[in-house]
Amino acid sequence: MCGIVGYIGSKNSAEVIYNGLEKLEYRGYDSAGIAVISDNIIQTRRSVGKLKNLKSNLDLNPISGNIGIGHTRWATHGKPSEENAHPHTDCSGKIVVVHNGIIENYVSIKKQLISEGHKFKSETDTEVVAHLIEKYYKNDILKAVKSALKEVRGAYALAVICADEPDKVIVARYDAPLVIAKGKNENFIASDVSALLNYARDVIFLENGDICEIKKDTINIFNQDVEVKRETQKILWDAIQAEKCGYKHFMLKEIYEQAQTIQDTFRGRLSSEKNVITLDDINITEEFLKEISRIYIIACGTSYHAGLTAKFLFESLASIPTEVDIASEFRYRDYVIDSKSLVIFISQSGETADTLAALRIAKQKGSKTLAICNVVGSSISREADNILYTHCGPEIGVASTKAFTGQLTVLYLLALDFATKLNTISKEKLDLLVKELWDLPVKVTECLKQSGRIEKIAKEFHLKNQFIYLARNINYPIALEGALKLKEISYIYAEGYAAGEMKHGPIALIDETMPVMVIATKSKVYEKVLSNIEEAKARGAKIIAVINANDKEISKKADYQIVVPEVDEFFSPLINVIPLQFFAYYVATMRGCDVDQPRNLAKSVTVE
Ligand code: AGP
């Protein structure tokens, strides 16, 4: 995920910024750059790849100055390249900008600015901000930033410097974090406090809508043109805690990030005004969809579970027959795919060997391919005909959490887009589902508040050696995913089953030693799940049920309840998976397991 560092004071800013960027390396990036002002001239150095490339560039072509901004870029708009690396400049080269987030309306702004004579040098959404500020600049950079941001929609953490005003950095925040650290006659900014801990520990976390003028000895913050005060906090974390934003493990941090990453993933693809889904990045037309024979979804592990969930979406919403296959099986199967098939590959890393091999096979067969990946520029994202990125930022915990809900978010958008193009969804249903999509981050936040309750339940069960997860229909893949999470990080033997399949064998496993986790939220199979719970209880199993508030029946039968907010059944997998992620996490930590790097597992499986 992108990182920002900035400095104003009397030190060599390039050095301070470089050191800060190094501390953000763990977030993942594909290029980096620094701009400083010296003698009213902006000097910029940018390099593709690791920070050491930027270092060599700086060693060969040193820059220095007491004010500067820097950035590590995790590509979203435009490939990783020097032209697309930040900082970005306006036409005059006097205004430079670094940015984290996504400018949703950059296409229309860019069109307008080009028609007014602005010349663009990159493919990024960020560059429009530099030109927009230039448009409004009349010897007052703070005023120009304020005016520019009135036109911008989306998420941003921004830092701006101007050659003609070398005594200030302007920063702004909306839906992307930004922190200011106060020194003595110097101030620092960063997207993440870990970049600044070696320099200062008194920090101000900016709030949404804040625009701030930072000089070496003053900080003035404005919100909606009114000057505001923000509290200063002392950060006591060590460097490792800071990387994890104070969480004990990356996995826990990533579970908590999900409200944001889901929003970031649908941002710019879902318009609030007209309930329109815009997937500009792909070329899957109405004509192709009208002739489509079948969708195949190919993936491994957690990504496969996202695919299994999507089968319900494509079939119910868009009436397209859908098959889901494990990549390592698909490779050696006699499949029937042709130019009328759409083959979707889901991969967080974009490097999974089996998924990549399956993609190559599908391409050879002449079918249309679409990849859903989290890592920009990864092999799968480069080789597929179409790519939709999840905007989750780097996932560091080996057990996938936020990438999974990001994948589901993209799949919801895709299914709704196909349904709209094929006219298989009524306007009322579409409006309802789009509204629920918008509300998902709030619902996820509600769900995250259950962590304390789940931790208590985990305490009761963490010494068990086996577990069964049950669910039906669209939540069946979530039973598989919940069991996979528990297996991966706690080393407890856990299996997910379709609850209706129990009586065909697995029920023989059930006695009073077997805990059973059941997904039992409101759905068309609610009554059926209730019967399956009765069957398990009759054999002595202890039941933990994920239910909705004001549940009347299952709450009485279950030994332990985890309450999650009610959503349309289509979105219930995305909500219901969160308590299962927490449960696996707490059980594993109570067993003393290495949650972020479980034994025998790798984050990216690049061998067959
Ligand atoms: C998930 O928790 C796993 N670590 C694993 O199953 C993973 O989902 C699988 O290896 C696929 O990885 P990918 O999404 O990067 O292709």
Enumerated strands (runs of 3 or more DSSP E) restricted to region 178-237, each holding at least 2 residues that are touching a residue at least 24 places away in the same chain (Cβ under 8 Å): 179-182, 187-190, 202-205, 210-214, 219-223
Could you tell me which of the residues Ala200, Ala176 is small (Gly, Ala, Ser), under 26 Å from Leu24 (Cα atoms) and buried (at least 22 other Cβ atoms within 10 Å of the Cβ)? Ala176
Among (1) at negative phi; (2) modelled with pLDDT of 95 or more, there is one condition Lys537 misses while meeting the rest; what is its number? (2)
Do any strands (runs of 3 or more DSSP E) entirely within region 1-108 hold 1 or more residues that are of a type in the set (Val, Ile, Thr) and touching a Leu at 6+ places or on another chain (Cβ under 8 Å), and if so, which? 3-8, 31-38, 67-73, 95-103
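Quick check, is Val442 part of a helix (DSSP H, G or I), β-branched (Val, Ile, Thr), in contact (Cβ under 8 Å) with a residue 12 or more places away in the chain and surrounded by fewer than 17 Cβ atoms within 10 Å (Cβ to Cβ)? Full working, then the answer.
On the way: part of a helix (DSSP H, G or I): yes; β-branched (Val, Ile, Thr): yes; in contact (Cβ under 8 Å) with a residue 12 or more places away in the chain: yes; surrounded by fewer than 17 Cβ atoms within 10 Å (Cβ to Cβ): yes.
Answer is yes for this residue.
If you take just the helices (runs of 4 or more DSSP H) that sit entirely in region 500-608, which of them hold at least 3 residues that are within 25 Å of Gln407 (Cβ to Cβ) and out of contact with any Pro (no Cβ under 9 Å at 6 or more places or on another chain)?
Qualifying helices (runs of 4 or more DSSP H): 572-590.
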Checking Ala399 against (1) surrounded by 21 or more Cβ atoms within 10 Å (Cβ to Cβ); (2) within 16 Å of Leu279 (Cβ to Cβ), which single condition isn't satisfied? (2)
Exactly one of these conditions fails for Arg45: (1) of a type in the set (Lys, Arg); (2) over 30 Å from Val276 (Cα atoms); (3) surrounded by fewer than 22 Cβ atoms within 10 Å (Cβ to Cβ). Give me its number. (3)
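From the list Glu436, Glu481, Glu455, Glu460, pick out the single residue that is closer than 24 Å to Tyr526 by Cβ and modelled with pLDDT of 95 or more.
Values: Glu436 fails: modelled with pLDDT of 95 or more; Glu455 fails: closer than 24 Å to Tyr526 by Cβ; Glu460 fails: closer than 24 Å to Tyr526 by Cβ.
From the options Glu436, Glu481, Glu455, Glu460, the qualifying one is Glu481.
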Within region 350-379, residues crowded, with 24+ Cβ neighbours inside 10 Å and under 18 Å from the mean Cα position of the chain (by Cα) come out as Gly350, Ala371, Ile372, Cys373, Asn374, Val375
Test each condition in (1) more than 26 Å from Arg73 (Cα to Cα); (2) of a type outside the set (Lys, Arg); (3) within 27 Å of the chain's Cα centre (by Cα) for Gly183 and report the one that comes out false. (3)
If you scan region 474-492, which residues turn out to be of a type outside the set (S, T, N, Q) and touching a helix residue (DSSP H, G or I) at 6+ places or on another chain (Cβ under 7 Å)? Ile474, Pro477, Ile478, Leu480, Glu481, Gly482, Leu484, Lys485, Leu486, Ile489, Ile492
Read through the list (1) within 17 Å of Gln581 (Cα to Cα); (2) touching a residue at least 40 places away in the same chain (Cβ under 8 Å), then give the number of the only condition that Ala483 fails. (2)
Would you check which residues across region 43-56 are among the polar types (S, T, N, Q) and under 31 Å from the mean Cα position of the chain (by Cα) and list them? Thr44, Ser47, Asn53
Given the conditions (1) away from the ligand (no atom under 16 Å from the Cβ); (2) surrounded by fewer than 23 Cβ atoms within 10 Å (Cβ to Cβ); (3) within 23 Å of Ala75 (Cα to Cα), which single one is not true for Leu414? (2)
Conditions first: (1) within 15 Å of the ligand (Cβ to nearest atom); (2) in contact with a Phe, Trp or Tyr (Cβ under 8 Å, 6 or more places away or on another chain); (3) modelled with pLDDT of 95 or more. Ser381 passes all but one, so which condition is the exception? (3)
Quick check on Thr409: is it under 30 Å from Ser490 (Cβ atoms), within 13 Å of the ligand (Cβ to nearest atom) and in the same structural domain as Ile297 (by TED's automatic domain parsing)? no
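Do you know which residues across region 109-141 are within 26 Å of Asp264 (Cα to Cα) and either in a loop (DSSP other than H, G, I, E, B) or of a type in the set (Lys, Arg) (or both)? Talk me through it step by step, then tell me what you get.
Of the residues in region 109-141, the ones within 26 Å of Asp264 (Cα to Cα) are 109-113, 120-133.
Once the filter is applied, which keeps residues that are within 26 Å of Asp264 (Cα to Cα) and either in a loop (DSSP other than H, G, I, E, B) or of a type in the set (Lys, Arg) (or both), region 109-141 yields Lys110, Lys111, Phe120, Lys121, Ser122, Glu123, Thr124, Asp125, Thr126.
The values are calculated or read from the model by the stated rules, or taken from the named source; none is laboratory data. Here the structure is a predicted model, which is why all the values come from computation and not from measurement. Cβ sites come from the backbone with ideal geometry, for glycine too, and all protein chains shown count toward neighbours.
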